[in-house]
Number of protein chains: 2
Amino acid sequence: MGYSDLRNEMVSAANGTDYAYRDTGSRSEATVPLVLLQHFRGNLDSWDPALIDALAQARRVVTFDNVGVGGSTGTTPDTIEQMALDALAFLAAMGLSEVDLLGFSIGSFVAQRIALTRPTMVRRLVLASAAPQGAAGMHGWAPEVMDAVGTRHTSPEAYLEVFFARSAASRQAGKEALQRMYARTEDRDTVTTWATREAQYDAVCIWGIPDHALLQRLGAIDMPVFVANGDSDPMIPPHYSYLLAGLIPHARVKIYPDSAHGFLFQHHAEFAADVEAFLTSAG
Amino acid sequence: MGYSDLRNEMVSAANGTDYAYRDTGSRSEATVPLVLLQHFRGNLDSWDPALIDALAQARRVVTFDNVGVGGSTGTTPDTIEQMALDALAFLAAMGLSEVDLLGFSIGSFVAQRIALTRPTMVRRLVLASAAPQGAAGMHGWAPEVMDAVGTRHTSPEAYLEVFFARSAASRQAGKEALQRMYARTEDRDTVTTWATREAQYDAVCIWGIPDHALLQRLGAIDMPVFVANGDSDPMIPPHYSYLLAGLIPHARVKIYPDSAHGFLFQHHAEFAADVEAFLTSAG
């Protein structure tokens, strides 16, 4: 069964939240589950099914809505630190004691914080369209980015502006990704609210307060890390992927051509193969 | 005339030093001279003529021995800061007011310091096999590296161990580079002394004292920078190229395959073309 056909499931956690999630992939003894952390304003339907299905070929893949997001109950917090604790509460409710994490955009911020908060729980870390806390020039997103995806109603055209590059090939890939995401018509996830948008953007801006000293924390992320970005991302430029790869002791980095914030949807087959190679590599 | 056939020239600087140098390439009005800063224990003969000749196709290229090194007079200082001032004295003696700089290894440290000391003089900066001051894990080179290239007499085999990768292709490229460097039999440069080796390694270790705060200085290097490294460099791993590219605001980075500290000699044609593209690019 593909990602588009999975039912939405719910799990009740010790923090009082009922979390919406989807659970797919191969239950191999040889792998730990890969848990995905979603982008700004995204819900369960905002993952490209082509990417999830490719990742799920060889391992269990779990997507979820964090507290207050989409179909999960509660109020979205306004700090990455609280989002990390909320994600840990979900993992505990699912009975997961060791996972691989893939964090995308704001989800990559949460993933970094989880790795620093509970390092023994994270076997390997994938950071997509990511940036480190405190990096110079990351205090909020560019006005044109917020004009596109920060307003009350985001159009498909505005989404394409930020998640895909300007070339015809990238735009076409974007339209195909949107078609895959909207192919599901029944039992779609609850749309994220304006309150979630406001809290998440506060968290993004707090994360981006320039503080050079905070960059040093990345030296403590000592599991293998794969850092990946689109070469033309207007939301989080690849500059920050290099910074992550230069500060995390055991990181590899790849910049995908002719792509933007949604490079992992555009290059879904290549990215899934790269993630698979990373998760199964010796080093 | 190729690099191997150039005569050694001397210029007297205001600091009392007579600097040995070689001067080649096209005297185009459209370009500023490209000045090269050499690696640990290297002299004028330690540049691969194939690389210099490729770089010199479209621009003037100047190589020189810094104070106390090879054929230059004086005593090699034990800090990168003083080496930068000594290089600036050479540039003044040559009547050069604006240059592009290519720093290789310890020469990349000096190049960074020059860019921070006199930014108006540096149009563009190429950092090859480079690392930033204060980065974690850079306090002196690995024991096996110093066993190879830090002892009183360095054999060609030991040079190949550090400057080229383990593959047959890389080793063969290394032998060919050495052949090109040793093809010149007359008027070779003076061999660098043990005193130079000692002072330069003190400078390398001082540069490598871990100090996270110093990394922030790179944010002030605001000219375009091209950062390049071999993927298997045992002396300065590519990790530090990512760190440079993540801290310098306008940097591009390229990691060359199956190569080590001397990637720029192994991949001389590709690297020279990349440098040319960088120096002539709009951005």
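The values are calculated or read from the model by the stated rules, or taken from the named source; none is laboratory data. Note that the coordinates shown come from a computational prediction; the quantities given were computed from them, not determined experimentally. Positions of Cβ are backbone-derived with ideal geometry, glycine not excepted, and every protein chain shown enters the neighbour counts. Heavy atoms of the whole protein, side chains included, go into the accessibility calculation; ligands, DNA and RNA do not. Shrake-Rupley method; radii C 1.70, N 1.55, O 1.52, S 1.80 Å.
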Between rounded, prolate and oblate, where does chain B land on the alpha carbon gyration tensor, with a ≥ b ≥ c its root eigenvalues, rounded for a/c under 1.5, else prolate if a/b exceeds b/c? rounded
At B:Gly16, label 7 Å along Cα→Cβ: distances to the other copies, nm, ascending? 7.8
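Relative to 2.2 N^0.38 Å, what does the C-alpha radius of gyration of the protein assembly as shown come to as a ratio? Two decimals please.
On the way: Rg = 26.3 Å, N = 566, 2.2 N^0.38 = 24.5 Å.
In units of the 2.2 N^0.38 Å rule of thumb, it is 1.07.
Based on Cα coordinates alone, diagonalise the gyration tensor for the stretch B:66-221, multiply each eigenvalue by 5, take square roots, and list the semi-axes in whole Å, largest first. It would help to have the intermediate numbers written out before the result.
Details: eigenvalues 138, 86, 54 Å².
The equivalent ellipsoid of the stretch B:66-221 has semi-axes of 26, 21, 16 Å.
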Hey, what do the phi angles of the stretch B:26-35 turn into as Karplus ³J(HN,Hα) couplings, whole Hz, using 6.51/-1.76/1.60 and θ = phi - 60°, x for Gly and Pro? 7, 8, 7, 5, 7, 10, 9, x, 9, 9
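Tell me the volume per residue, in Å³, of the convex hull enclosing the alpha carbons of the stretch B:138-222. Mind showing how you got there, number by number?
On the way: hull volume 14.1 nm³, N = 85.
Value for the stretch B:138-222: 166 Å³ per residue.
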Sorted by chain and number, the residues with a modelled amide H under 5 Å from that of B:Leu34, at a separation of 5 or more or across chains, are B:Arg60, B:Val61, B:Val62, B:Asp100
Here the convex hull volume per residue of the stretch A:231-283, taken over Cα atoms and given in Å³, is 71
Cut-off under 5 Å, modelled amide H: who pairs with B:Gly230 long-range: B:Ser129, B:Tyr256, B:Phe263
Hey, can you grab everything whose amide H is under 5 Å from the amide H of B:Val126? Only 5+ residues off in sequence or another chain; H modelled, so Pro and N-termini drop out. B:Leu101, B:Leu102, B:Gly103, B:Phe226
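By how many nm would the segment from B:Thr117 to B:Trp194 grow when fully extended, if each residue of separation counts as 0.36 nm and the alpha-carbon distance is taken off?
Working: separation 77, 0.36 × 77 = 27.72 nm, distance 2.85 nm.
Extra length available between B:Thr117 and B:Trp194 comes to 24.9 nm.
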Using the Karplus curve 6.51 cos²θ - 1.76 cosθ + 1.60 with θ = phi - 60°, work out ³J(HN,Hα) for each residue of the stretch A:181-195 in order, rounded to whole Hz, and write x for Gly and Pro. 5, 9, 5, 6, 10, 9, 6, 5, 6, 5, 5, 6, 8, 5, 4
Which whole-Hz ³J(HN,Hα) couplings does the stretch A:230-246 yield from phi under the Karplus relation 6.51 cos²θ - 1.76 cosθ + 1.60, θ = phi - 60°, glycine and proline marked x? x, 6, 10, 6, x, 8, 9, x, x, 2, 6, 5, 5, 4, 4, 5, x
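Give me the compactness ratio for the stretch B:145-283, meaning the Cα radius of gyration over 2.2 N^0.38 Å.
Numbers: Rg = 16.9 Å, N = 139, 2.2 N^0.38 = 14.3 Å.
That works out to 1.17 for the stretch B:145-283.
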Tally up the carbon and sulfur contribution to the accessible surface of the protein assembly as shown as a whole percent, 1.4 Å probe, everything protein left in place. 52
Point-to-point label distance, A:Ser97-A:Gln179, nm (Cα→Cβ direction, 7 Å offset): 4.6
Assign one of three labels to the stretch A:14-135, namely rounded, prolate or oblate, based on the Cα gyration tensor with a ≥ b ≥ c the square roots of its eigenvalues; rounded applies when a/c is under 1.5, prolate when it is not and a/b is larger than b/c, and oblate otherwise. rounded
At B:Asp5 and A:Thr154, where each label point lies 7 Å from the Cα along Cα→Cβ, what is the point-to-point distance in nanometres? 6.3
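Which FRET efficiency value, to the nearest 0.05, do you get for B:Asn15 and B:Asp202 by plugging their Cβ-Cβ distance into 1/(1 + (r/R0)^6) with R0 = 22 Å?
Working: r = 20 Å, r/R0 = 0.92.
For B:Asn15 and B:Asp202, the calculated efficiency is 0.60.
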Got a sec? Which residues in the stretch B:175-197 would a label at B:Thr75 touch, if it sits 7 Å along Cα→Cβ and we count backbone N under 19 Å? B:192-197
The alpha-carbon center of the stretch B:173-236 and that of the stretch A:68-133 are separated, in whole Å, by 41
Per-selection metrics, the stretch A:71-153 (Cα): Rg and Dmax in Å: 14.3, 42
Shortest-first nm distances, A:Thr120 label point to equivalent points in other copies (7 Å, Cα→Cβ): 5.9
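Counting only C-alpha contacts under 8 Å and six or more residues apart, can you give the relative contact order of the stretch B:1-73 as a whole percent? Write out the running numbers ahead of the final one.
Values: 123 pairs, mean separation 29.1, N = 73.
The value is 40 percent.
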Give the ranking of A:Arg166, B:Arg59, B:Arg123 by solvent-accessible surface, highest area first, calculated with a 1.4 Å probe. A:Arg166, B:Arg123, B:Arg59
Calculated label separations, A:Gln179, copies of the chain, 7 Å along the beta-carbon direction, nm: 5.6
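State the three equivalent ellipsoid semi-axes of the stretch B:145-187, derived from the C-alpha gyration tensor as the square roots of 5 times its eigenvalues, in descending order and whole Å. Working shown, then result.
On the way: eigenvalues 68, 55, 5 Å².
Equivalent-ellipsoid dimensions as semi-axes: 18, 17, 5 Å.
Ignoring ligands, DNA and RNA, what accessible area per residue does chain A give at 1.4 Å, in Å²?
Values: 10620 Å² over 283 residues.
For chain A, the per-residue accessible area is 38 Å².
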Which value, in Å² rounded to 10, gives the accessible area of A:Ser167 with a 1.4 Å probe and all protein chains present? 40
If I stretch the segment between B:Asp187 and B:Ala269 completely, what's the gain in nm (0.36 nm per residue apart, minus their alpha carbon distance), one decimal? 26.9 nm
When you look at the Cβ of every residue in B:92-99, what mean number of other chain Cβ atoms sits within 10 Å? 0
Could you sort the residues of the stretch B:229-276 by number and keep only those whose accessible area is reduced by 20 Å² or more in the all-protein-chain setting relative to the chain alone, 1.4 Å probe? B:His239, B:Tyr242, B:Leu243, B:Ala245, B:Gly246, B:Leu247, B:Val253
Among B:Gly230, B:Gly134, B:Gly16, whose mean-square fluctuation peaks in a Gaussian network model of chain B (Cα, cutoff 10 Å)? B:Gly16
